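Working notes, beginning with the structure itself.
The values are calculated or read from the model by the stated rules, or taken from the named source; none is laboratory data. Computed from a prediction, not measured in an experiment: that's the story for all the values here. A quick note on method: Cβ atoms are made from the backbone with ideal geometry, for glycine too, and the neighbour counts reach across all protein chains shown.
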Amino acid sequence: MKQKFLVDESAGIKVHLALKGKGYDSKSAIEELRGAKDLEIIEVAKKENRILITCDKDFGRLALLYKPPGAIILRLSDERAKNKVKYLLLTIERYKERLYGSLIIITEYKVRFRKIS
């Protein structure tokens, strides 16, 4: 299955553009859902079968409650776009079979998984 992503405003437009540049089906909340509430973002992810990408740690709790197809939270000390893209793409490539059905927390030191389905 080809992964589809929904990039939250907190992750930034450059993350979305990097995913598109690598051939992924990516939708940007900045471009299409600006100002939407967190639950609205999750509903779009569910409706369109997209994995949510965010830097907002509140989505961890919400993902466990409302169960989007998948959620990736970037918790990096260096939040420059280049660093976000680097760790995100490494994780997507390495763990592509585990993205759907998981809440994934990415730090510079480890990647943690929790089942949400």
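Take residue 19 and tell me if it is modelled with pLDDT of 95 or more, in contact with a strand residue (DSSP E or B) (Cβ under 8 Å, 6 or more places away or on another chain) and within 14 Å of residue 104 (Cα to Cα).
no
I'd like the full set of residues that are surrounded by 18 or more Cβ atoms within 10 Å (Cβ to Cβ), part of a helix (DSSP H, G or I) and of a type in the set (A, V, I, L, M, F, W, C), limited to the range 45-94.
Hits for the range 45-94 are 45, 59, 62, 63, 85, 88, 92.
In the range 103-117, which residue that is more than 11 Å from the chain's Cα centre (by Cα) and not in a loop (DSSP other than H, G, I, E, B) is surrounded by the most Cβ atoms within 10 Å (Cβ to Cβ)?
This residue is 111.
Every residue in the range 101-117 that is at pLDDT 95 or above, over 10 Å from residue 72 (Cα atoms) and in contact with a Gly (Cβ under 9 Å, 6 or more places away or on another chain), please.
Answer for the range 101-117, where residues must be at pLDDT 95 or above, over 10 Å from residue 72 (Cα atoms) and in contact with a Gly (Cβ under 9 Å, 6 or more places away or on another chain): 101, 114, 115.
Give the range 29-42 a look and list any residue that's under 16 Å from residue 71 (Cβ atoms) and either touching a residue at least 24 places away in the same chain (Cβ under 8 Å) or touching a helix residue (DSSP H, G or I) at 6+ places or on another chain (Cβ under 8 Å) (or both), or say none.
If the condition is that a residue be under 16 Å from residue 71 (Cβ atoms) and either touching a residue at least 24 places away in the same chain (Cβ under 8 Å) or touching a helix residue (DSSP H, G or I) at 6+ places or on another chain (Cβ under 8 Å) (or both), then 29, 33, 36, 38, 39, 41, 42 are the ones that fit.
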